[in-house]
Amino acid sequence: MATAQKKVLIIGASGGIGSALAELCIKRDYHVSTLSRRDDGIDITDESSIKAAADTIAGGLDMIVIATGVLEVDGLRPEKTIQSMTAEKLMTQFQINALGPALLLKYFTPKLTKSRRCVVMTLSARVGSIGDNHLGGWISYRSAKAALNQIIHTTAIELDRKNPNAICIAYHPGTVGTDLTKKYLKNRTFVAPKDAAQDLLNVADSLTPRDTGEFFDWAGKKPVW
């Protein structure tokens, strides 16, 4: 009997990681659906926009990857000190990096299949770790990612009750050479988006339901929360 074609949804598919992931999934002969602000007009800070986008996506998904996020706000680099933080910058980071993914999880996790193993991975960042923060700085971005990790973990607990086959994790892709990170790559080791996409699928393939609610990096290891 032929194996059913895996159905994958990539949200944030116009970004460096998202576009490379879509290309790789197509090469694997997956059925790939994509959403992005650039190509579809989805605004992840607007609940009505997310709901309208969700209405266009059929259920039965085997994997959802939320590859949205922003490091800089209006071209301003992350703060080196709390004295540089502003209410507007902090709120914008939370809107895009925490509220947006929370709304995406709200409307798209019901699209996951219930008949077999399925995965939802949301891109987070190691700098959102509280236990691994030894340098300080970047308070708005760090705080938004820490909030995102809590959102993912809490969603996973609820999702486990509704859909025991579902695996919901936070995912740190490592340092990837994209437009988002290019200003910060000096003297740092990084990987190309196509390699980051391969790493993500390798981790996705290795997950089991007991991994739901966890935080994984590109090597399949668990960063400190």
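The values are calculated or read from the model by the stated rules, or taken from the named source; none is laboratory data. Since we're looking at a predicted model, the values are computed, not measured. Methodologically, a virtual Cβ is constructed for each residue, glycine included, from the backbone with ideal geometry; neighbour enumeration extends over all protein chains shown. Calculation scope for accessible area: heavy atoms of the full protein, side chains included, ligands and nucleic acids excluded. Shrake-Rupley method; radii C 1.70, N 1.55, O 1.52, S 1.80 Å.
List the strands (runs of 3 or more DSSP E) that sit entirely inside segment 1-87 and contain at least 1 residues that are open to solvent by 60 Å² or more (accessible area, probe 1.4 Å) and not charged (D, E, K, R). Step through it out loud before you land on a result.
Numbers: elements: 7-11, 31-35, 63-66.
Per the criteria, 31-35.
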Handout entry: Checking residue 90 against (1) at pLDDT 90 or above; (2) open to solvent by less than 30 Å² (accessible area, probe 1.4 Å); (3) of a type in the set (A, V, I, L, M, F, W, C), the condition it does not meet
Key = (2)
Handout entry: Candidates 122, 178, filtered to the one that is modelled with pLDDT under 95, buried (at least 18 other Cβ atoms within 10 Å of the Cβ) and not in a helix (DSSP H, G or I)
Key = 178
